[in-house]
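Below: the structure, in structure tokens.
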Amino acid sequence: EFADVGLIGLAVMGENLALNMESRGFRVAVFNRTTSRVDDFIQGRAKGKRFIGAHDLKEFVGSLQKPRKIVMLVKAGAAVDQLIDQLLPLLEPGDILIDGGNSLFTDTIRRTKRVEESGMLFVGSGVSGGEEGALNGPSLMPGGSVAAWPHIKPIFQAIAARTPDGEPCCDWMGENGAGHFVKMVHNGIEYGDIQLIGETYDVMKRVLGMSNAEMHDVFAEWNSAELDSYLIEITRDILGFVDKNGEATVDKILDAAGQKGTGKWTVIEALDEGTPLTLISEAVFARALSAGKEERVQASKQLKPVVSEFKGERKQLIDDLRQALYASKIISYAQGYQLMRAAAKTYQWNLNYGGIALVWRAGCIIRSAFLGDIKKAFERDPQLVNLLLDPFFRDAVSTRQAGWRRAIVAAVQSGIPVPCMSAALSYFDGYRAERLPANLLQAQRDFFGAHTYERIDQPRGQFFHTDWTGHGGATTSRSYSA
Ligand code: NDP
């Protein structure tokens, strides 16, 4: 009997995803480069289940029902290309190769083209939810050769997480790299959400001197309302966690953040698109700043902030922080969606923005009740230009504005960094500004480089140059740019 689907890469993600597929009734063939892992798996967690363990790629490919569906969950990067090289000669037209790793979407664009040119189909799928999600239901973001979707849909939607309404958190994202692109933005948003919670924690801890137990209770309360989300939930649990000596583990962890690069990719893409993804950018840089621990320790001895003691109402500040966190989160998603709109234009994807919110609603790290509201916003207007212009989010931000500003002021006066919250507020104040100081900027550019400017009293698209010093010429710049 042939397997319904094959899986290559029995590390943490592959093993759990294979078990998930089998548990939904699919017969799964598995292969791993180091074949002892295949034996360990078949004799271990897979024992008594409907798996086929293969010891080479030929045997593996031969065990699959046609058109073959092969999920690769191997280390992102060169390993994926090597595996494609090895598999293509063994496959037949119509077979489907699926890369479920964290591949860079531009690699997926390239690989889709290459695999399609060989007559096979390629899918790059974002898989989110870590080990636990892979086993019990991840959020899946597939994109690539559209002809592959009807074949993989029954499997993908069966193994995916489900929203509270029972809808699968898996939908077709679009052509070539669209799935991996959406997964990349998901990860960027994850960086932002995590940093926002960290800033809130820092203010509670260092401005208000709250204990872990007190903060645990606050996060527990927040998790039962508008901020209901996986990351708030685990923050609550982390703050409540003590080791066997009764000590809080969170207090023992070195404050130097790691990163694997997907946040950085998101920011690079935003810079390339020229869209202001300020909150996620600050989150990536906040990790970088934290990573230089020794230098910070040295600097802390020399650079003392001038701070004023917090004299406000404690309860008020806690509530202001809740509002600041929520409002900032709206900004982060508004910016993330703006990036997706820009990239969709560049790469000619027809992204389904409401569908993306639905796919993120459960299974993944950024899952939250909030994403249900984003889904509704795109149901109201599928072409919504900015989340802030949706009536629900517009009102949500405006009613929280005062608390949001107070929370940032309290942090600033106490010398606590809140890069994401303040970047969010600056973006909001910039986006809602009819007039920004870019008039002066344009004047400077024209002054030093004859870059020309447009005028408010003339139609757009007409460019003017002023001889600011009286001894410049009338020649304007076309090539020099700064
Ligand atoms: P790793 O990223 O650690 O990759 C290990 C697997 O890749 C092993 O099966 C290894 O085989 C295989 N591999 C490495 N190089 C090659 C090669 N040249 N040819 C064939 N196979 C190779 O595993 P994870 O399970 O952590 O992640 C798998 C993918 O899923 C990655 O792209 C990761 O970014 C992504 N991902 C991971 C998440 C997580 O929480 N860990 C969450 C979401 C996505 P061998 O045993 O022979 O070394």
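The values are calculated or read from the model by the stated rules, or taken from the named source; none is laboratory data. Remember, it's a predicted structure, so these values are computed and weren't measured experimentally. With ideal geometry, Cβ positions are generated from the backbone for all residues, glycine too; neighbour counts draw on all protein chains shown.
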So, in the stretch 342-379, how many residues would count as being basic (K, R), surrounded by fewer than 21 Cβ atoms within 10 Å (Cβ to Cβ) and in contact with a Phe, Trp or Tyr (Cβ under 8 Å, 6 or more places away or on another chain)?
1
Where in the stretch 246-295 are the helices (runs of 4 or more DSSP H), entirely inside, with at least 3 residues that are within 15 Å of the chain's Cα centre (by Cα) and surrounded by 15 or more Cβ atoms within 10 Å (Cβ to Cβ)?
262-273, 278-291
Test of understanding: among A160, A147, which residue is touching a residue at least 12 places away in the same chain (Cβ under 8 Å) and surrounded by fewer than 24 Cβ atoms within 10 Å (Cβ to Cβ)?
A147
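Here is a yes/no grid of residues against (1) among the polar types (S, T, N, Q); (2) over 14 Å from A362 (Cβ atoms); (3) in contact with a helix residue (DSSP H, G or I) (Cβ under 8 Å, 6 or more places away or on another chain):
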site: G126; (1), (2), (3): no, yes, yes
site: E131; (1), (2), (3): no, yes, yes
site: N136; (1), (2), (3): yes, no, yes
site: G143; (1), (2), (3): no, yes, yes
site: H151; (1), (2), (3): no, yes, no
site: I155; (1), (2), (3): no, yes, yes
site: T163; (1), (2), (3): yes, no, yes
site: W172; (1), (2), (3): no, yes, yes
For the stretch 60-106, what are the residues that are among the acidic types (D, E), more than 19 Å from V146 (Cβ to Cβ) and within 16 Å of the ligand (Cβ to nearest atom)?
D81, D85
Got a number for residues in the stretch 104-125 being farther than 12 Å from N176 by Cα and surrounded by 22 or more Cβ atoms within 10 Å (Cβ to Cβ)?
1
If I go through the stretch 414-472 residue by residue, how many of them are among the hydrophobic types (A, V, I, L, M, F, W, C) and part of a loop (DSSP other than H, G, I, E, B)?
8
May I ask you to verify whether G166 is at pLDDT 95 or above, part of a loop (DSSP other than H, G, I, E, B) and out of contact with any Asp or Glu (no Cβ under 9 Å at 6 or more places or on another chain)?
yes
So which residues in the stretch 313-349 are in a loop (DSSP other than H, G, I, E, B) and in contact with an Asp or Glu (Cβ under 8 Å, 6 or more places away or on another chain), if there are any at all?
Q348, W349
Any idea which residue in the stretch 1-59 is surrounded by the fewest Cβ atoms within 10 Å (Cβ to Cβ), counting only those that are of a type in the set (S, T, N, Q) and away from the ligand (no atom under 15 Å from the Cβ)?
Q43
Yes/no for L231 being in contact (Cβ under 8 Å) with a residue 12 or more places away in the chain, in a helix (DSSP H, G or I), hydrophobic (A, V, I, L, M, F, W, C) and under 23 Å from G363 (Cβ atoms):
yes
